[in-house]
Each structure stands twice: as structure tokens, then as C-alpha cells.
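Notes follow once the structure below has been shown.
The values are calculated or read from the model by the stated rules, or taken from the named source; none is laboratory data. Given the structure is predicted, the values throughout are model-derived calculations rather than measurements. Cβ sites come from the backbone with ideal geometry, for glycine too, and all protein chains shown count toward neighbours. The protein model used for the area step is the full one, side chains on, heavy atoms only, and it has no ligands, DNA or RNA in it. Shrake-Rupley method; radii C 1.70, N 1.55, O 1.52, S 1.80 Å.
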Amino acid sequence: MNVSRRWLEAFLRRPLDARDVANRLAMLGAPVDAIEPLHADLAAIRVALVEEVRPHPNADRLRVCTVNDGSAERLNVVCGAANVTAGKKYPFAPVGSTVPGRPPKKPALTLDRRKIRGEVSEGMLCSLEELGFEPQDDGIWELETDAAPGTPLLEALPLADDRLVVDVTANRPDLLGHKGIARELAASYGVPFRLPVLPGAVDIDVPPSRRIAESEGAGQSGTVTGGVRVSIEDTEGCARFHAAVIRDVRVAPSPGWLVQRLEAAGVRSINNIVDATNYVMLEFAQPMHAYDMARLHGPAVIARRGRRGEKVVTLDGVERAVTEEMTVIADERGAIGIGGVMGGSGTEVHEGTTDVFLECAWFEPGRIRRTRSALGLSTDASYRFERGVDLWNAAEPFRRCIELVLTLAGGTNVDAPADLWPRVTHPPRIFLRLPRVAQVLGVELPLHTVEKHLVAIGATVVSKPDDGRIAVDVPGWRPDLVAEIDLIEEVARREGYDEFPSDLRRFRTGNVPDAPIVAASERVRDRLIAEGLLEAMTLPMVPVSGEGIRLLNPVSEEHGMLRHRLLPGLVRQVELNWSRRVRDVRLFEIGAVFAPGSAGELPQETPRIAAVVSGSRAPEHWTGAAPDFDQWDLKAIFESAVEVAAPGGTIEPDGEGWVVRGPDGRAIGSAGSLAADAPPWAGTVFGFELELHAGPRPPVRFVPRPPTPSSERDVTLLVPDGIAAGALAQVLSGGGVTVLESVRIVNAYRGDRVPDGTRSVTFRLTFRAADRTLEAAEIDSAEAHLLLLLERETGVRRREQ
């Protein structure tokens, strides 16, 4: 939403600082994405008085003007505009300044002192278009100001403005109008706010609308206002319809103040009638539409469902087919506009229009959203209607629009406006309990404070009984307020979140355990953090490739599919770190991957854990650089993760890496080196990915410190390449030697004095007895038994030196 600072100042009757406004709106839940200064490029333009105008001696269509720009000397300016008159004031751009223009038709221009047909020109008298404004005629802009010559134009006229780009959430449609923003700021500043006075407005007596309920013909039969029959046939799609006829209007360009406000909000001026409807939309967040009454057949205006085969040429000149699921505006011959989205070109207001039919309606948000999506047509009107406009207060913006049209275009309001409302309803009433407010917010707020905050948002406190429960009628412009908790949130927002204490108060702990998958995720997270890895969170949307599930409405081509693996996203993060000259990377992620579901079903979602490591295995130290991560470091981290993420999983070698299989033999993860776009100084990237299983938490058992010493023996074996070292370790551990405490691999070697097709593997055997110190003979006997068992079951023998 584009918001004009000057427009807000007109609401609040006080000057505003754009950055202060942005800070306040951010604290109120409407952050400002950008502040765009408007017309700051006019800082060098000054007010100038033309003292003399004489014909150019060498050109019939040019004039030479003597200009007083406030300096001691008078300047010669060659001008081609016919409306320049001595004694009048005009914007003047001196030599060296730049006029912004309106590219591409009128590009920016930097001025210098030059001769034009033999006469020296020392600057330029400027038109509206040359200064970046919407042109209204072909002449120089004549200023109506008492400012002295030489006064900066931005000081003489209220042109300087700031455009605030407000990020409005879908649940706050009231902030899509300046009045809604002003209401928020008025409460923040503690000042009242009122509608701005319309420049040039006279006392206009607009009679109150005639409300026509269902029993009075608001449905099929409708009513007649100003000679036009108005009816609602689609009461589900159009719940309320205001209508008025203004005759004898004069369609013309809008005055400067209106053009300026529209352009500050990013809307182009068209003519005074259309601009009036756009102005009210930007002020109240209530879209309006004006029809050329002479082009209405009947004349009639009917809100109904579209019909099969019916087509409408919209204001953008495109012929669009409507369906029976859409609400259209029609006359006696057929559809003339798409309700809540865009009007039709056949009834557009133009220069020859003399009689105008004004419409202000309420359309069902869901219907507008589906219509807009089906037609691929998003407009300022549909953007507001699909979020919900005020059903109960539409009379105020409609009256404002009538007053604005009568002020700008003249004419006569020949009949009382009609208000067709087939099913009259009332804004919701919510009961708010003060004890509940204290329970949710953690602090007790007095009744008068709660009431002040509710009144600030436009709510009405109906009753205040002694039981601490108050009845609150919520305003129609706040469709997001539907329950007690919504009012409590508003009280907190108005009180200010920074006003609540940050200390931990008394609370009651819950006894509901975490979901098993959540508990498993926490265990894996703790384990990998203990291994020195950092958690990353990448988007589940990935670039389009051969595998994966394509999104129907992707944010961009770079996010066109749902991921089927976690590792590619982590590898991209490694490459991003490399681009920042960060060599040592240790990342892990716990997230979901997606696979196609059965026909007609949603994709299958599987939780997984993945990790990547690259670079040095330890931080840099003055004693020397640590070696880089290798595959054995990866295997250690992989085993640690499998222990908690996939209890019962078995790790097996798989080429240059490893694979882990579940109890059913299915591969549920793998580990190894990864391909990456690496600079020359980067290390190898190692990583793993495996499914996350929600198994029970292994029990924690207390193991006392051993009271007796241990004895270690290193056994070096000659192992054929086809036999895994892990399988040998399992044979040794299960050999039935009760005093064998542990078995671990300490070395592996290939090279001289090792036959081809084999490798040398050293196992460290730790022996210990809980009740005595083992003697050498016992250890020798146990060692011999294990070697004999190993040779009998696997054929592996001790390596001879």
C-alpha cells in the first residue's frame, strides 16, 4: 500500500516525520518496506517573476523573457510557450540544474547557457510535464503564490512528500486506505483525526440513502433512483449495493491537489469523475465505479451471476469470458462489468459524458478471489474486495464520493441515493473478560485502559457489568476481529509489546509429551551440535530439475520444485560460504523431503537429517594448521547420527562411502564425498543424509567407574579386500570372552610387504575383569582363543612381521 505522508498530515492536522511514522507503524504491526521521497529532484527549481515578454527577433514562435529569479541580475530566457505573461510567476530552472521530465516521452534535461536562434537563454521556465507532473495543458505552469521571486518551489508550494510503502497483511484490509493508517497513527500520537477538507468544496446537501431491504424489493424487483432501475439478483455474491445518479456533470482534468495526491499514492490521473472514485478508494479502502448513464440500456444496473457464453470487454480493452460462478454487473442487454474486479469499456466515463451513475458495493471476498484467479486479472479493486471491505459503513465513503464529484464536476444529485441491502445484518458482538486479558498478557490492565484501547480501533464498548465481562461491538472495517482472543491481541498491540515485563512469571507446566518425531529431532540436534556442527534451515523449494514435484504457482524458476533430498541445498550453502572466502564449513539440517503421492493425493513427506563438512577439522591455531576432514571423520559423525536417528541401523561400506540399512534391510541413508563447484583452495566436501525415525529414547544406564586396571593388546591382521573390518570386529566381540571389554580399529595400511588384494588392519583389544587384576597368562589365552575363532570363521590370520 502506497501511503502519502502529506495525505496523513491532512487527516491528523499536524506535521509528520516519515521515519517516525514508519517506526510507529512497524510497532503497530504494519512495517514500512520503503520510504520514497517525492519531488526531491525539484530542490533547485525556484519561483520566478516574468517582468517583460518581447518577440524573438529571429523566430516567430519564440519569445524572449526578462526573468527575476531573486538574484541581483535579470536573466534572459527564451521560451516557446504562448501563455507566458509579464507580471506572472512561473517555475524557473537555472543554468546547471536538471529538470526531471516524465521519461520516456519527456526525458530529464540538464540546462546550460546557450544561444537559441541568436538569443542567449539563461535557464528555463518549466511546464508541469517538465517537472515530472501529469500535464494538464501545453503551456508553462503558472503559479498562484505570494512567494517572492527566488523562493524554492518546494517551499512555496506543498509539493515535497514522502511515499511510504506499507506492508499490509491479508487480515488488515482497513490499512489499504489512508483513513485506516491515520486511525492507527492517531491513537499512537494521542491526537484526534478527521477527514481532510476538500479544497474548493462548497456546502453540498446530499440526502441520506434510501435503504431498501429484501421485503421492500432489494432483490429481483429492486428500486429506481434517478431514473435507473437497480437490483441485486446474486445476493450471495453481492450483499449490498449503493447507487446514485448525478446529472449535468462536466468531465474535465482534475485539479492539481487531487492529481498530486493520486500520484503520491502511485495512481495516474484520468479525469475528474474517475479520479473521484479512485480518491475515495485510496482514502477509505472502498472501491467505487462510475458509469456513463447514457450508455446504460434500460437504463438498469443489475448485480447478478454471469451466464454461459457471456463476454465482457473490460476497461483494459480485453474481451473476457465470464462464467456462472462469477458476479457481473449488467444492464438490460447483458454484462457491462465484472463485479469487484474491473468495469467494462462500453460504459466508461469519457469527455462527452453528462450523466453519471455511481456504484458502491460489497462483494463476497471468496468469489472475488476465485474470479480474479480465473481471469488472471488483479486490480486495485479486487485486491481490496478479496480481503474484505466494510459491509456496515459503506454509506460514508459513498457520500464522500458524491460530494467529491459534485465539487469537481458540478451537476445535480437528482434523487436520494439508494441503498439495496437484502439481508440487513449487524457487526459482531464479542464478550471480553478482564481476568482472561490478565491471564493471556501476564499483567492486569484496568478497565479504563482496556476500554481506551478498544475505542482507539473503532470498537464500541456496549456494556460494563460487574462480573468483569464487557460487551464489545467490533467495527465493520476489522473483519479479523471474530473472537475474544482477537480483542486481547488488539489490547496488547495498543498497549505496546515493549511495555510488558520480560521476566518469567509463574506458570503451570504441561504433562503432554513431545511427539516422538520431535523428540527424535531434538536428540539428533543435540548430538550433531556436540560434534561441532551448526544447524542450517534451507527452503524446501529448489530449482527445477529432472526429479521432484513441480509447483503449480512457484515464486520463481529458482524455486519451482519441492526438494527430494536435503544434501543439494546444503552443498549450495557450502558454495555460498566459499564465495565469502570461508573455507571451514560444518552444517546440518533437519527437514522434510517430498515424493509424489498416489493419484489424487498430496505428496509424501519424509523427515530426514543431513550434514556436510569441509575444510579443517579443528579451528586455526598458532601452533599449526589442523588436517582437513577426511572420510573417517565423516564416518564417525555418520555413526553418531545413526545411533540416535535410526536405532538398529547397520552401516555397510558402499564403494567410496557407506550405506545404512534399517532392520528390514532397506537402505535408509548414505555417506560419502560430494561434488561441488569448489575453488582451488577449498577442501573436499563430505556429507551424509538419512531418514529420521521416531524410535524410543534409549534408556540411560549408570555404569560405575571400573575398580580394576585394564590391559590392551594390539592385533594386526591380514584382511582380504572382500571382508569388512567391521565384520571382523563383530566376530571378536561375540567370541565369548567375558573379560573382553572393547574392540576398536586403530590402523589400516596398504603398501610394501602387504600382498595385493589385501590390507593390514590393526585392532586394539581391551581386557578387564571386574573382580580382579588379570594376569598375563589369562590375557594370552583369551587372545589366542579369539585369533583361532577368527581364523575358523573368516579365514583371517595374524599378519607376520
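Going by the conditions given, is Ala44 assigned to a loop (DSSP other than H, G, I, E, B), open to solvent by 20 Å² or more (accessible area, probe 1.4 Å) and touching a residue at least 24 places away in the same chain (Cβ under 8 Å)?
Details: assigned to a loop (DSSP other than H, G, I, E, B): yes; open to solvent by 20 Å² or more (accessible area, probe 1.4 Å): yes; touching a residue at least 24 places away in the same chain (Cβ under 8 Å): yes.
When the stated conditions are applied, Ala44 passes them.
Out of (1) crowded, with 16+ Cβ neighbours inside 10 Å; (2) in a helix (DSSP H, G or I); (3) in contact (Cβ under 8 Å) with a residue 40 or more places away in the chain, what's the single condition that is false for Ile430?
(2)
Restricting the search to the stretch 683-713, which residues are more than 29 Å from Asp756 (Cα to Cα), within 52 Å of the chain's Cα centre (by Cα) and modelled with pLDDT of 90 or more? Outline the logic, then answer.
First, pick out the residues of the stretch 683-713 that are more than 29 Å from Asp756 (Cα to Cα): 683, 685, 687-712.
With within 52 Å of the chain's Cα centre (by Cα) added as a condition, the list becomes 683, 685, 687-702.
Those that are more than 29 Å from Asp756 (Cα to Cα), within 52 Å of the chain's Cα centre (by Cα) and modelled with pLDDT of 90 or more: Gly683, Val685, Gly687, Phe688, Glu689, Leu690, Glu691, Leu692.
State all residues of the stretch 123-147 that are farther than 18 Å from Pro255 by Cα, small (Gly, Ala, Ser) and either surrounded by fewer than 13 Cβ atoms within 10 Å (Cβ to Cβ) or in contact with a Phe, Trp or Tyr (Cβ under 7 Å, 6 or more places away or on another chain) (or both); if no residue qualifies, say none.
Hit for the stretch 123-147 is Gly123, nothing else.
Kindly indicate which of Gly266, Gly219 is of a type outside the set (Phe, Trp, Tyr), in contact with a Ser or Thr (Cβ under 7 Å, 6 or more places away or on another chain), modelled with pLDDT under 95 and outside any helix (DSSP H, G or I). Explain how you work it out, then say what you get.
On the way: Gly266 fails: in contact with a Ser or Thr (Cβ under 7 Å, 6 or more places away or on another chain).
Criteria check complete, one pass: Gly219.
Give me a count of the residues in the stretch 474-513 that are on the phi < 0 side of the Ramachandran plot, part of a loop (DSSP other than H, G, I, E, B) and surrounded by 10 or more Cβ atoms within 10 Å (Cβ to Cβ). Before the answer, list the steps.
Of the residues in the stretch 474-513, the ones on the phi < 0 side of the Ramachandran plot are 474-495, 497-513.
Pick out the ones that are also part of a loop (DSSP other than H, G, I, E, B) and you get 474-483, 500-513.
Filter once more, keeping what is surrounded by 10 or more Cβ atoms within 10 Å (Cβ to Cβ): 474-483, 500.
Count: 11.
Restricting to the stretch 759-801, what's the tally of residues that are part of a loop (DSSP other than H, G, I, E, B) and either open to solvent by 90 Å² or more (accessible area, probe 1.4 Å) or in contact with a helix residue (DSSP H, G or I) (Cβ under 6 Å, 6 or more places away or on another chain) (or both)? Lay out the reasoning, then the answer.
Within the stretch 759-801, the first condition is being part of a loop (DSSP other than H, G, I, E, B), and the residues that meet it are 768-775, 795-796, 799-801.
Then drop every residue that is not either open to solvent by 90 Å² or more (accessible area, probe 1.4 Å) or in contact with a helix residue (DSSP H, G or I) (Cβ under 6 Å, 6 or more places away or on another chain) (or both), which leaves 771-772, 775, 796, 800-801.
Residues that pass the stated criteria total 6.
Identify, please: which residue in the stretch 714-728 is outside any helix (DSSP H, G or I) and under 58 Å from the mean Cα position of the chain (by Cα) and is, among those, surrounded by the fewest Cβ atoms within 10 Å (Cβ to Cβ)? Step through it out loud before you land on a result.
The first filter runs over the stretch 714-728 and keeps only residues outside any helix (DSSP H, G or I), leaving 714-724.
If we keep only those that are under 58 Å from the mean Cα position of the chain (by Cα) as well, we get 721-724.
Numbers: Asp721: 10, Gly722: 7, Ile723: 16, Ala724: 13.
Only one residue fits best here, namely Gly722.
Is it true that Glu9 is under 28 Å from Pro91 (Cβ atoms) and without any contact (Cβ under 8 Å) to a residue 40 or more places away in the chain?
Numbers: under 28 Å from Pro91 (Cβ atoms): yes; without any contact (Cβ under 8 Å) to a residue 40 or more places away in the chain: yes.
Considered against the rule, which asks whether it is under 28 Å from Pro91 (Cβ atoms) and without any contact (Cβ under 8 Å) to a residue 40 or more places away in the chain, Glu9 comes out as yes.
Can you pull out the residues in the stretch 83-122 that are of a type in the set (Ser, Thr, Tyr), farther than 16 Å from Glu52 by Cα and open to solvent by less than 50 Å² (accessible area, probe 1.4 Å)?
Let us first name the residues in the stretch 83-122 that are of a type in the set (Ser, Thr, Tyr), namely 85, 90, 97-98, 110, 121.
Imposing the further condition that a residue be farther than 16 Å from Glu52 by Cα reduces the set to 97-98, 110.
Within the stretch 83-122, Ser97 is the sole residue that qualifies.
Counting just the residues of the stretch 433-455 that are modelled with pLDDT of 90 or more and touching a Lys or Arg at 6+ places or on another chain (Cβ under 6 Å), which one comes out least open to solvent (accessible area, probe 1.4 Å)?
The qualifying residue least open to solvent (accessible area, probe 1.4 Å) is His453.
Out of Gln604, Gln631, I need the residue that is loosely packed, with under 15 Cβ neighbours inside 10 Å and either free of Cβ contacts under 8 Å to residues at least 24 places away in the same chain or not charged (D, E, K, R) (or both). Which one?
On the way: Gln631 fails: loosely packed, with under 15 Cβ neighbours inside 10 Å.
Checking each option against the conditions leaves just Gln604.
Exactly one of these conditions fails for Thr347: (1) among the hydroxyl-bearing types (Ser, Thr, Tyr); (2) within 20 Å of Leu377 (Cβ to Cβ); (3) within 33 Å of the chain's Cα centre (by Cα). Give me its number.
Just one mismatch for Thr347, condition (3).
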